[in-house]
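Here is the structure we will look at, set down as structure tokens.
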Amino acid sequence: MESKMIKLSKEQIKDIAEELDMGMSCYVHKTTGDATSIPAHVDEDDDNFEPWEDDFKKVEQNLDQYILIETMHSSDSFKIMRKFLGKVADPKLRDKLMIAISQNKPFRRFRDILDYSGDVLQDWYQFKQEEMERYVERHLRDFSSEEE
């Protein structure tokens, strides 16, 4: 059986990246490319399960037809923060961010500093979104390679 790389539009990839960033796991149908998002840490016993019950069952009953794209590991998210430091033009801000990620609760400290840094916060959101989209594209490419 010959496998093809799943072709998703930029908009589909963007949507999946946004879902992942919100803590969702995304299941991409191998044939149609349709994405189904389910909270990464919810199960049938959870009180908040009901809104995702139908999607969960649809995926669970046809699991072999989907590619699972999970939320990024915190180590990967940390790498994105470190990579962003190279894009920060203001050396004082860059130093503050470097200190923030070297302390306890680096994600929170990093974000707290960016909250008061004007346009750099928007630069961060854009940079992070682009990195998340690359993560989705890599995952799909890796899956296609495994199938060959």
Q) Name the residues in region 72-131 that are closer than 22 Å to Met22 by Cβ and aromatic (Phe, Trp, Tyr), would you? A) Phe78, Phe84, Phe107, Phe110, Trp124, Tyr125, Phe127
Q.
If Phe107 meets every condition in (1) free of Cβ contacts under 8 Å to residues at least 12 places away in the same chain; (2) under 26 Å from Lys14 (Cβ atoms) apart from one, which number is that one?
A. (1)
Q: Would you mind stating whether Lys79 is open to solvent by 60 Å² or more (accessible area, probe 1.4 Å) and in contact with a helix residue (DSSP H, G or I) (Cβ under 6 Å, 6 or more places away or on another chain)?
A: no
Q) In region 26-40, which residue that is under 12 Å from Leu8 (Cβ atoms) and not polar (S, T, N, Q) is surrounded by the fewest Cβ atoms within 10 Å (Cβ to Cβ)? A) Asp34
**Q.** In region 64-83, the residues that are of a type outside the set (Val, Ile, Thr), in contact (Cβ under 8 Å) with a residue 24 or more places away in the chain and under 27 Å from Ser37 (Cα atoms)
**A.** Gln65, Tyr66, Leu68, Glu70, Met72, Ser74, Asp76, Ser77, Phe78, Met81
Q.
If I go through region 122-144 residue by residue, how many of them are more than 14 Å from the chain's Cα centre (by Cα), loosely packed, with under 14 Cβ neighbours inside 10 Å and without any contact (Cβ under 8 Å) to a residue 60 or more places away in the chain?
A. 2
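The values are calculated or read from the model by the stated rules, or taken from the named source; none is laboratory data. Just so you know, these numbers come straight off a predicted model, no measurement behind them. Cβ: placed from backbone, ideal geometry, glycine included. Neighbour counts: every protein chain shown. Just the protein is used for accessible areas: all its heavy atoms, side chains included, with ligands, DNA and RNA removed. Shrake-Rupley method; radii C 1.70, N 1.55, O 1.52, S 1.80 Å.
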